[in-house]
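Below is a structure I'd like to ask you about.
The values are calculated or read from the model by the stated rules, or taken from the named source; none is laboratory data. These numbers come from a predicted model, not from an experiment. A quick note on method: Cβ atoms are made from the backbone with ideal geometry, for glycine too, and the neighbour counts reach across all protein chains shown.
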Amino acid sequence: MENKLIIVGDSAFAEIAYEYFTHDSNYEVVAFSVENKFLSKKFLFGLPVFPFENLEQKYSPKEHQIFVAITYTQLNRLRTRLCIESSKKGYKLATYVSSRAFIWNNVTIGENCFIFEDNTIQPFVQIKNNVILWSGNHVGHHSTINSNCFISSHVVVSGFCEIGENSFIGVNSTLANNVTIAEDNWIGPGVCISHSTKKGQLFSPIENPPSKVNTYRFFKISENEV
């Protein structure tokens with residue numbers, strides 16, 4: 001029997017969540033919902049988009065669950081707020097785990113989590129509430145990802161790490177063993193963290209400047225051919 005699901009959000013992530021829940025879960029998406037001031041469409045994929053403020057009047061919390069499909073806006077605060085408000089309305093928050101992710105059998109996963117394909121999550125990992133793990137990450141044994149985090153793609157979290165609440169980890173970043181990321185951290189793409197961090201730290205990616213030799217000269221292509 002399929003569970004009836006409402007997706008909160010109508011952005012690209014909401015569209016992606018619809019695809020995954022529809023084709024790789026036991027949920028049936030029956031509607032979308034956004035806050036009234038952001039209501040710009042009546043339908044998405046042929047399903048109604050209903051104002052969030054009055055949602056429980058149309059869709060009973062006893063018969064429907066919610067997934068809040070918001071990315072890392074305001075350092076995950078927006079998604080967190082909508083999760084809290086959905087729970088106050090009486091809704092259970094749904095979690096999606098891809099059938100193509102590797103999750104060891106003693107891993108614990110909270111509510112309103114979304115775990116994409118090709119994630120490897122090793123033994124004794126704890127994933128708390130409202131965590132997004134985009135595709136292709138490695139989460140090492142005995143690590144903890146606290147609530148309201150967003151882990152993008154191809155991140156390596158080594159063993160015995162802890163990621164603090166509300167943090168964002170950018171693509172291709174690496175955390176060494178026994179590292180604690182404090183809450184409210186922003187770790188940019190490709191950053192390697194080998195020591196524990198402090199609350200509210202931002203780690204910018206190191207961008208390589210372009211070579212003084214352009215591609216046309218390097219590959220001996222006449223710029224007249226371009």
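With the condition kept exactly as written, say whether any residue in the stretch 108-119 is outside the structural domain of Gln74 (by TED's automatic domain parsing), surrounded by fewer than 18 Cβ atoms within 10 Å (Cβ to Cβ), among the hydroxyl-bearing types (Ser, Thr, Tyr) and assigned to a strand (DSSP E or B).
yes
Sticking with this structure for a sec: How many residues are within 15 Å of the chain's Cα centre (by Cα) and part of a loop (DSSP other than H, G, I, E, B) when one looks only at the stretch 136-163?
Residues flagged as within 15 Å of the chain's Cα centre (by Cα) and part of a loop (DSSP other than H, G, I, E, B) within the stretch 136-163 amount to 10.
Residues are listed down the side, and each one gets a yes or a no for (1) among the aromatic types (Phe, Trp, Tyr); (2) farther than 15 Å from Ala94 by Cα:
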residue	(1), (2)
Thr22	no, no
Tyr27	yes, no
Lys37	no, yes
Leu44	no, yes
Glu63	no, no
Val68	no, no
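Okay, next question. Which numbered condition in (1) under 27 Å from Phe168 (Cβ atoms); (2) touching a Phe, Trp or Tyr at 6+ places or on another chain (Cβ under 6 Å); (3) among the aliphatic types (A, V, I, L, M) is the only one that Ala12 fails?
Single failed check for Ala12: (2).
Identify, please: which residue in the stretch 17-37 is more than 25 Å from Phe116 (Cβ to Cβ) and not basic (Lys, Arg) and is, among those, surrounded by the fewest Cβ atoms within 10 Å (Cβ to Cβ)?
Per the stated criteria, the residue is Asn36.
Scan Phe67, Phe52 and give me the residue that is under 18 Å from the mean Cα position of the chain (by Cα) and crowded, with 20+ Cβ neighbours inside 10 Å.
Among Phe67, Phe52, only Phe67 is under 18 Å from the mean Cα position of the chain (by Cα) and crowded, with 20+ Cβ neighbours inside 10 Å.
One line per residue, one yes/no per condition, for (1) surrounded by 14 or more Cβ atoms within 10 Å (Cβ to Cβ); (2) more than 24 Å from Phe114 (Cβ to Cβ); (3) in contact (Cβ under 8 Å) with a residue 24 or more places away in the chain:
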residue: Cys161; (1), (2), (3): yes, no, no
residue: Asn166; (1), (2), (3): yes, no, yes
residue: Asn172; (1), (2), (3): yes, no, no
residue: Ile187; (1), (2), (3): yes, no, no
residue: Gln201; (1), (2), (3): yes, yes, no
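Take Tyr72 and tell me if it is outside the structural domain of Ile151 (by TED's automatic domain parsing), buried (at least 17 other Cβ atoms within 10 Å of the Cβ), under 16 Å from the mean Cα position of the chain (by Cα) and of a type outside the set (S, T, N, Q). I'd like the intermediate steps shown before the answer.
Numbers: outside the structural domain of Ile151 (by TED's automatic domain parsing): yes; buried (at least 17 other Cβ atoms within 10 Å of the Cβ): yes; under 16 Å from the mean Cα position of the chain (by Cα): yes; of a type outside the set (S, T, N, Q): yes.
Considered against the rule, which asks whether it is outside the structural domain of Ile151 (by TED's automatic domain parsing), buried (at least 17 other Cβ atoms within 10 Å of the Cβ), under 16 Å from the mean Cα position of the chain (by Cα) and of a type outside the set (S, T, N, Q), Tyr72 comes out as yes.
Here's another thing I want to ask about it. Can you tell me which condition Asn146 does not meet? The list is (1) free of Cβ contacts under 8 Å to residues at least 24 places away in the same chain; (2) closer than 24 Å to Ala69 by Cα; (3) crowded, with 20+ Cβ neighbours inside 10 Å, and all the others hold.
With respect to (1) free of Cβ contacts under 8 Å to residues at least 24 places away in the same chain; (2) closer than 24 Å to Ala69 by Cα; (3) crowded, with 20+ Cβ neighbours inside 10 Å, Asn146 is out only on (1).
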